[in-house]
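K.L.:
Shown below is the structure under consideration.
No lab work stands behind these numbers, since they all come straight from the coordinates. Keep in mind that this is a model prediction, so the values were computed, not measured. Here the Cβ positions follow ideal geometry from the backbone for every residue, glycine too, while neighbour counts run over all protein chains shown.
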Amino acid sequence: MNNFIFIYITNPSEKEAKQIAAHLLGKKLIACANIFPIKSVYLWKGKIADDKEFVLIVKTAAKNFEKVKKEVEKIHPYEIPCIARIPVSSNEKYFDWLKNQL
């Protein structure tokens with residue numbers, strides 16, 4: 001099993017998702033990022049919120065999770081950002097590429 005993870009981060013706009021991805025890439029904390037538009041429905045301060053958001057999925061080594069989390073918390077616009085670690089497995093060639101990017 002490869003020792004890398006995806007980190008799932010929700011964002012209020014595509015622009016902010018791209019800015020966070022560029023920040024993390026610039027610090028060599030991630031190898032790659034994907035951005036998807038989504039619809040989110042959740043409870044916030046006692047009311048049901050229904051928002052458009054953008055998910056940023058970043059790919060990195062498991063050892064980088066705490067560093068990525070701290071960097072995102074510093075620059076993310078949300079009061080309580082979602083920064084969720086997802087363990088994954090991959091083909092060996094992809095994992096080798098990822099390791100060489102970090």
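K.L.:
State all residues of region 83-99 that are touching a residue at least 60 places away in the same chain (Cβ under 8 Å), of a type in the set (S, T, N, Q) and exposed (fewer than 12 other Cβ atoms within 10 Å of the Cβ); if no residue qualifies, say none.
P.N.:
SER89
K.L.:
Scan region 74-98 residue by residue and report those that are over 12 Å from the mean Cα position of the chain (by Cα) and not in a helix (DSSP H, G or I).
P.N.:
PRO77, TYR78, GLU79, ILE80, PRO87, VAL88, SER89, SER90, ASN91
K.L.:
Considering only residues that are out of contact with any Lys or Arg (no Cβ under 7 Å at 6 or more places or on another chain) and hydrophobic (A, V, I, L, M, F, W, C), look in region 62-82 and name the one that is surrounded by the fewest Cβ atoms within 10 Å (Cβ to Cβ).
P.N.:
Ranking the candidates gives ILE80 first.
K.L.:
Report the residue count in region 23-73 for those that are assigned to a loop (DSSP other than H, G, I, E, B), free of Cβ contacts under 8 Å to residues at least 60 places away in the same chain and either of a type in the set (Gly, Ala, Ser) or on the phi > 0 side of the Ramachandran plot (or both).
P.N.:
The total comes to 2.
K.L.:
Across region 1-42, what is the total count of residues that are surrounded by 16 or more Cβ atoms within 10 Å (Cβ to Cβ) and of a type in the set (Ser, Thr, Tyr)?
P.N.:
1
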